[in-house]
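Novice: Quick one: the structure is below, and I'll ask about it shortly.
The values are calculated or read from the model by the stated rules, or taken from the named source; none is laboratory data. Here the structure is a predicted model, which is why all the values come from computation and not from measurement. Here the Cβ is made from the backbone with ideal geometry for all residues, glycine too, and neighbour counts use every protein chain on show.
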Amino acid sequence: MVFVIAALLFLCSSANAQKAASPPSLAPTPAPAPAPDHVNLTDLLTVAGPFHTFLNYLESTKVLDTFQNQANNTEEGITIFVPKDDAFKSLKNPSLSKLTQDQLKQLCLFHAMPHFYSLAEFKNLSQGGPVNTYAGSGGYSLNFTDDSGTVHLDSGWTRTKVSSSVHSTDPVAVYQVDKVLLPEAIFGTDIPPMPAPAPAPVVAPTADAPSDTSDNGTSPKSSPANSSGVVINWGIWNQLVLAVSGGLVLFL
């Protein structure tokens, strides 16, 4: 009997020891957040647009690599303003052909900001001062205004607007603009005045139609009748004069 009791005590103590030795249960580790989709800027600008001229500048200055790294390897993201090919064709003065390679690089960097901005966020930017671009501050800043949802940009040399959204998914925003953005840091502060808008065409007033009545209320068509009446009266007087003259001749 003593042996049985001892065996039971040994089994109970072993079970308690195993429970004490077992590690506490841990909560499951949450799965990491999915990484944002990789955006290939070359493919994006090739398919949209056409933005071939701007893409060529990005590739020749190696700025495309800078933008691509900012787009996919940072938490801030990037916002890029891309002019269409027609914007470069219409740019006559100043010309980009005289710029150095470093100036072309700064010009390309001037078309982006190192942060993702949705179209709705530009309203807040318009309430502040100039916003720094990827090219830097000072002469490389942009001013924004929001006009009933239309975003306008002003660099001093260039006044344009966002005409369409090419891509706007965090962390990459690409917006089309109508003109090439020209920074004061490259082209100076001696900005030529903006051409005055063309005056509205002057429409000549329609001439009034001639009135059917004269000032005294009579019809102007009655004047021929009056003149014919005068002719008739003179004819009667001539006949009377001839008749009197003929009678005098017979009497004499």
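Novice: Please report, ordered by residue number, the helices (runs of 4 or more DSSP H) entirely within the stretch 53-122 with at least 3 residues that are touching a Lys or Arg at 6+ places or on another chain (Cβ under 7 Å), farther than 19 Å from Asp43 by Cβ and of a type in the set (A, V, I, L, M).
Specialist: Of the helices (runs of 4 or more DSSP H) lying wholly inside the stretch 53-122, none has at least 3 residues that are touching a Lys or Arg at 6+ places or on another chain (Cβ under 7 Å), farther than 19 Å from Asp43 by Cβ and of a type in the set (A, V, I, L, M).
Novice: Give Gln101, Gln106 a once-over and let me know the one that is at negative phi and either charged (D, E, K, R) or in contact with a helix residue (DSSP H, G or I) (Cβ under 7 Å, 6 or more places away or on another chain) (or both).
Specialist: Gln106
Novice: Identify the single condition in (1) closer than 19 Å to Val151 by Cβ; (2) small (Gly, Ala, Ser); (3) modelled with pLDDT of 95 or more that Gly129 does not satisfy, given that it satisfies every other one.
Specialist: Checking Gly129 against (1) closer than 19 Å to Val151 by Cβ; (2) small (Gly, Ala, Ser); (3) modelled with pLDDT of 95 or more, the one that fails is (3).
Novice: While we're on this one: Suppose we keep only residues that are modelled with pLDDT under 65 and in contact with a Ser or Thr (Cβ under 8 Å, 6 or more places away or on another chain) within the stretch 156-215. Which one would you say is farthest from Ile80 (Cα to Cα)?
Specialist: So, considering only residues that are modelled with pLDDT under 65 and in contact with a Ser or Thr (Cβ under 8 Å, 6 or more places away or on another chain), the one farthest from Ile80 (Cα to Cα) is Thr213.
Novice: Run down Leu153, Leu142, Leu125 and say which single residue is within 20 Å of Leu182 (Cα to Cα) and outside any strand (DSSP E or B).
Specialist: Testing whether each residue is within 20 Å of Leu182 (Cα to Cα) and outside any strand (DSSP E or B) leaves just Leu125.
Novice: Separate question: Can you name the residue in the stretch 108-126 that is among the hydrophobic types (A, V, I, L, M, F, W, C) and buried (at least 16 other Cβ atoms within 10 Å of the Cβ) and, of all such residues, is nearest to the chain's Cα centre (by Cα)?
Specialist: Phe122
Novice: Would you be able to say whether some residue in the stretch 86-107 is of a type in the set (Gly, Ala, Ser), buried (at least 20 other Cβ atoms within 10 Å of the Cβ) and in contact with a Leu (Cβ under 9 Å, 6 or more places away or on another chain)?
Specialist: no
Novice: Test of understanding: among Ser165, Ser148, which residue is touching a helix residue (DSSP H, G or I) at 6+ places or on another chain (Cβ under 9 Å), free of Cβ contacts under 8 Å to residues at least 60 places away in the same chain and farther than 20 Å from Lys92 by Cβ?
Specialist: Being touching a helix residue (DSSP H, G or I) at 6+ places or on another chain (Cβ under 9 Å), free of Cβ contacts under 8 Å to residues at least 60 places away in the same chain and farther than 20 Å from Lys92 by Cβ holds for just one of Ser165, Ser148, which is Ser165.
Novice: For Asn69, all conditions in the list (1) under 17 Å from Arg159 (Cα atoms); (2) modelled with pLDDT of 95 or more hold save one; what is the number of the exception?
Specialist: Exception for Asn69: condition (1).
Novice: Select from the stretch 127-159 the residues that are closer than 16 Å to Thr79 by Cα and among the β-branched types (Val, Ile, Thr) and write down the one among them that is surrounded by the fewest Cβ atoms within 10 Å (Cβ to Cβ).
Specialist: Val131
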